Each structure stands twice: as C-alpha cells, then as structure tokens.
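See below for the structure under consideration.
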Amino acid sequence: MQRHSVTPRPDWREHVERDLGFAFHTIDGALYWDETACYSFTAAQVDELEAATNELEQMSLALVGDVISKGEEAFERLRIPRVAWDAIAGSWQAGEKNLYGRFDLAYDGVSPPRLLEYNADTPTALFEAAVVQWDWLQSLWPERDQFNSIHERLIEAWRNFGLGGAHLHFSAVRNHLEDGGTVDYLRDTAMQAGLLTDRIAIEDIGWDGARFRDLDGNAIEALFKLYPWEWLVEEPFGEHLLSGVTKVIEPAWKMVLSNKASLALLWEMAPNHPNLLAASLDAGGIAGKQARKPIYSREGGNVQLLDGGKVLQETGGIYGAEGFVYQAYAQIPSFDGNHAVIGSWVIASEAAGIGIREDVSAITSDTSRFVPHYFE
Amino acid sequence: MKKSRTVKLALLGGASLALAACDDNSGPPNDARYFADAKECAAIYDDASCRESARASEQTHLAQAPKFGRKEECEQEFGAGNCETRQSAGGGSYFMPLLMGYMMGNMMGGNRFNEPVYRDRQGNAVMNSGGRAYNVGSFGATAGRTAASFRPAAPTQIARGGFGAGAAKFGSIGS
C-alpha cells in the first residue's frame, strides 16, 4: 500500500459533472474528490482486504442471529428502542435481503485490517467508489486493475432482490447534495436491473391510514431510505413503517449492526479476532489508549481519543445521548501527513470493492477527501 | 479482474453514457439483423424461429426495460411519444419505452441472439443488454416500426493478433 502523487486530469471537474453527474466533488468550497493522489496495492493486499471483509460480514450476520435469539437483554445492551424489537426479529426471520454496507478499516498494508466501525444502515461515498474512481482509472491506466466491482454487483443484487413489479421509491432528506447523489446513483442501478423506480424526499412521504403514498398518490410498495432506522422509528410515521406495510431497504435487522455498541458485542463473540479491535460498553473496560464513540453517531461526530482518562483529541457534534462504546485505539496509517481509512463495501453481503478517504486529522469526518486507488 | 467490466449510467450524467472497458465484447453477433416484428423476420428466416425470437424479446423487454414513475422522465431518455403506459401489479401506472423491434442473430450457431431495440431521444436505435447500451443503428425521420426505417450502424472492426507472435515462436514466456 503506497501513496502516489498524480497529475489531475486537466478537465476533470467538467468531465465528472457532465459525463458522470457527479455534483459533490467539492463540499463547502473544499476539495472532496481528490485526484492529486492515489493509492496502489499489491494483489495480495487486495486479497487480504477482500477476505477480511467477507469474514467481518459473516461475523456480523452471526451477531444479528445471536442478538435476536437472546432478545430483550441483547436489545437493551444495544440501546435499541423497544418499539423496534418485533420488526427487527420479524425481518430477520423472514429472511429479508440487504443491499449494502461499508466496513471502515484501519490498514497499513502490513498488519491485518482492523474494523473501526460498520456503516450497515446508511453508508455513503458509494458513487465515488463505484463510478468516479473507476472512470478515473479508465482515463489514466485502463489496463490496471481496481478492487471495485460495486456497480455490477449492485445491478445484480437488485435483480435478485425479489421485488417483482413493486414500485420502489428512493428517498433521502431534501436538498442534501451528497445523500441525494447517493440515492440517485442507487436508483440508476435499480433501473438498469429493470425495476420500477421513483424518487421522493423523506419529508414528502405520505400515509393514508393504510399505505405510504408518494406525491402522485401512488403506493410506496418498497422504500429505499438513506435515513437512519433509529431516527425513523422515533418519528410520527415510525409505527407504520414498523408494521411491515412497506418493504424497507435496508431491512430493520440492520439496526443491530448500525449502532456502535455492536462493536463490543462482536468482540465478546470473537475475542482477539485479528480483524477486530478490543471494545467494551464500560468506561474502563479497555486499557490504554482508546477511542470513545457514541453508540449512535455519524460522520465522525462526538468521538474522543482517550489515554488514561485524558482527552487527547475530540470532535464536536450532536450525538452521545444513548451512551458510548470504548474501542482500543488503532493507529490510522499516515501517508505524507494524510490519515487514510479504507471503506470496504459489501453488496448483498459479499465483498465488492474499496474506497479510500483521507483526512489530515486522525478522526475521519465528512470533510475528508476521497482518493482513488488501483492494484497490480 | 476485480474491477467492473463496464460502468454505464442510465439516469445520471450524459444520456445513454456507455463507458465500456476494453475487454468488452458482448455486443450483437456479426449476422444480427433488426426486425420490427416476426412478420418482417419471416421474409428471411423460418416462421417458428421468428415467432420464438419475437416472443423472447417481448419477455426481455417486460422484465428488463427501464421503468419510470413519471412520463416526463421516460421521455427525457427516449424522446416525446416513445413511451407507453403500463399498469403495475399494485394498481398504479408507470411508463416504459416503446418496444421498437428486436435484433436477432447468431443463426448459424446454437445460441440464438435476441435483444429488444428502443429508440432514444436522438433517434438512435439502442439495445439494452445486461445494463449496457449499444447503439445498433438509427431510425429514419419517418416514424414507424419497420425495417425500412432502420439504418444499421457501421460495424466496428476490431483487428486482433497484433501481439503474441513472439510467444507463438519461442514458446514459454515465464522464466
């Protein structure tokens, strides 16, 4: 794993906007898509990342089964609201399919990849990984390989999803460029799989007393929501969603994995696993340098790096009300002063590719930069 | 290979953008011809094959053609008047491009090739295969679903065998 400086394509902004519809390459005036650099891997390193990702996904699925069979006690430890328990168990027992997830890994090319966290419910940075970095490599070195078959696997996953002719609505919060771009891309892949699709802002979803409805009055028979389950269940229409009247993607059972308390339960299930970091729900449960993460958090909010009770570094945010998980500190490898975290994608529960985000800070946030990769 | 062979976008970016990787060779076979329907086909091939191809293309069309909740979105891709309404199982309606006919080929080989053909907003005849868009020709200004209005695209000639002579001559490459 190496970092290289690269000359950006002279017309890259115009090209990605016009030909790919990539609208969020620059966020709040700062570069987000960054092709002034790239990472290279060896085939053996890619194989290791792929194997670790598949292993982590299988452990995660085992954990869901374990939590559901334990019931109340496990749900309480995960701080999952009681109102959602039946829907979680029901969706798992019915074998509801899942589309995607992103494992964030600390990896330096030498030591085994370690799981920082699993974005199981609402992962983004998908379009950049699936399309933009693929297009970048085809422009520069089409003969080189990349760990990225995300696009093909998404289309395949939609074909196998069992939605039939159901009218599938893709939903995100209104006026959010990055989330909107991510659901537009997912909708694009579903259309290519022959599904009947539509787009609706999460705020515009209607309820007629029996069914969810879009703005044209059509029934929302299936819903892809880029909006956290833990928020949906607490909101006014949450109970209708939990009733199962609409098929929801990701399925309700992803709530077991989308909260960071699951990191502690994974460690209990597979202590000392080479791809896991020690994690505990108890302050003081982990010795030495560690990260304190809110059980429900996004984009790196409210994370503290601790050493013996001393705060070394922290980020602000609105999260933390449900408590925290304490995770042994993982050195995020630094390349020329850039901390690189690997986002490893699973599509239909199979490893499908990676995207790399760099940050000058050791805590990756939504202001990090996406940097492409290849391997040989 | 761990990268996607091709990444085509249906909705985002340029219309019918096809970014085909270089090892992509799943286009129509060389003998593929366009027919608007089984009757046109029967002037050249046997009736049974033609009816079977037309039926298979219709099924592919229903299963795989892009479907839109709004007519405007469909017409943005396929042009005004080129979309039709269908009823969904749930009782609502949706839109999909009109089936303009089909490509049929590989008549000498065992695997007969059938793919539905659509007209895009520029009048191109496009085939959708496994998420890839192929421009297989164009439709004349006079609208109508007949072979007479169809102009096949110039075939892409791909020369091969420019590398490998040394390996053929010296045998083993590895050391």
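Look at the alpha carbon pairs under 8 Å that are at least 6 residues apart: their mean separation over the length of chain A gives a relative contact order of 24 percent. Could you tell me whether region A:90-224 comes out rounded, prolate or oblate from its Cα gyration tensor? Rule is a ≥ b ≥ c as square roots of the eigenvalues, rounded for a/c under 1.5, then prolate if a/b exceeds b/c, otherwise oblate. It comes out prolate by the Cα gyration axes.
Cα-based radius of gyration for the protein assembly as shown, normalised by 2.2 N^0.38 Å, reads 1.05.
In this calculation the C-beta distance from residue A:243 to residue B:62 is compared with R0 = 45 Å, giving a FRET efficiency of 0.90.
Eigenvalues of the alpha-carbon gyration tensor of region A:9-62, scaled by 5 and square-rooted, set the equivalent ellipsoid semi-axes at 33, 16, 11 angstrom, largest first.
Computed extension length for residue A:42-residue A:86: 11.3 nm, one decimal, from 0.36 nm per residue of separation with the Cα-Cα distance subtracted.
In order along region A:353-361, the Karplus-derived 3J(HN,Hα) couplings, from 6.51 cos²θ - 1.76 cosθ + 1.60 at θ = phi - 60°, round to x, 10, x, 10, 10, 10, 8, 6, 8 Hz, and Gly and Pro are given as x. Reported to the nearest whole Å, the Cα centre-to-centre distance from region A:10-80 to region A:339-364 is 4.
Beta-bridge orientation, the protein assembly as shown: approximately 80 percent antiparallel, per DSSP, counting only bridges with both partners inside. By the beta-carbon count within 10 Å of each Cβ, the least crowded to most crowded order of A:265, A:168, fewest first, is A:265, A:168.
Taking 0.36 nm per residue of separation and subtracting the current Cα-Cα distance, fully stretching the chain between residue A:4 and residue A:207 would add 67.9 nm. Under a Gaussian network description of chain A, with springs only between Cα atoms under 10 Å, the residue in A:132, A:46, A:245 that fluctuates furthest is A:245.
Projecting the alpha carbon convex hull of region A:1-131 along each direction and taking the average yields 11.4 nm². The stretch between residue A:17 and residue A:110, if pulled fully straight at 0.36 nm per residue, gains 29.8 nm over its current Cα-Cα span. In this simple spin-label model, placing a label point 7 Å from the Cα along the Cα-to-Cβ direction at both residue B:76 and residue A:72 gives a separation of 5.2 nm.
Taking a ≥ b ≥ c as the square roots of the Cα gyration tensor eigenvalues, with a/c under 1.5 meaning rounded and otherwise prolate when a/b beats b/c, else oblate, which class fits region A:143-285? It is oblate, given that a/c is not under 1.5 and a/b is not larger than b/c.
Read-outs: derived from the displayed coordinates by stated rules, not from any lab. Computed from a predicted structure; not experimentally measured. Cβ atoms come from the backbone with ideal geometry, glycine included; neighbour counts cover every protein chain shown.
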